[in-house]
Amino acid sequence: MEAHVSSPRQAPSLTATRKIQAALSLACSAALAAGSAAPASAAHTLTTVAVSSGSLGFSSAPASVTLGRVDPGSAAAIPLRGITVSDNRAGTLGWSATVVLTDFTGDTTGAALSSASAKYAPTAATTSGTATVTATTAINPTLPRIVQTATGVSGNNTATWNADLTLPVPNDAVRDTYTATLTYSVS
């Protein structure tokens, strides 16, 4: 009978197994940490925008109005509608709107009606944008008189108002059709 001698198999060393597990564990931890780490480098782009500015002026005012017929010793009155200041300066400076009225001159006779006793009474303005606008009645508008003032301005804004223009006609007025010029300005 023959006997076979087999060599005993050795089980793998527990120390070697533990070293391999520790190395795998360390490698997995490093891979997870690398996935959540900050990038190795970063780039930044400085981005700017320029806000343009426009002008300040009247975008609307009546081209002409007629006070109608009036008897000497009474007052002529006409409503003025839709006077609008547009402030497209995109700034913070306020503004003031003024009116000045020339004397009325007779078309046929050349006689004059003084505007010294005229009155320009504006309503409170309707605004858009950021601005606080205050109305002021102009009496004796033969010199420039402030009729609207904007404060607390920020960016573009508009203000629209109506007004009543009243002209007392003296008892000694001569029959004629009289014409004057009402000039608006804003600064």
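Rule-based calculations on the coordinates, nothing more; no lab input. All values derive from a computational prediction rather than experimental measurement. Quick reminder, even Gly has a Cβ in these numbers, built from the backbone with ideal geometry, and neighbours come from all protein chains shown.
Sketch the reach of a paramagnetic label on residue 108 as a point 7 Å from Cα along Cα-to-Cβ, and name the residues of segment 151-187 whose backbone nitrogen lies under 12 Å away. Within reach of a label on residue 108: 174-178. Each peptide in 174-183, 124-133 receives the mean, over its residues, of other Cβ atoms within 10 Å, and ordering these scores from highest gives 124-133, 174-183. Once backbone amide H atoms are built at 1.01 Å from N, residue 136 has 148 as its partners under 5 Å, excluding neighbours fewer than 5 places away on the same chain. Each residue of segment 120-137 was assigned a 3J(HN,Hα) from its phi angle through the Karplus expression (A = 6.51, B = -1.76, C = 1.60, θ = phi - 60°), giving 10, 10, x, 7, 5, 7, 8, 10, 10, x, 9, 6, 9, 10, 10, 8, 9, 6 Hz with x at Gly and Pro.
Scaled to the compact-protein estimate 2.2 N^0.38 Å, what is the alpha-carbon radius of gyration of segment 56-186, rounded to two decimal places?
For segment 56-186, the normalised Cα radius of gyration comes out at 1.16.
Less than 5 angstrom separates the built amide H of residue 142 from those of 101, all sequence-distant by 5 or more or on a different chain.
Rounded to the nearest whole Hz, the Karplus-based 3J(HN,Hα) values (6.51 cos²θ - 1.76 cosθ + 1.60, θ = phi - 60°) of segment 44-50 follow the sequence 10, 10, 6, 10, 10, 9, 9, with x at glycine and proline. Sorting the segments 112-120, 135-143, 57-65 by their residues' average number of neighbouring beta-carbon atoms within 10 angstrom, most packed first, yields 112-120, 135-143, 57-65.
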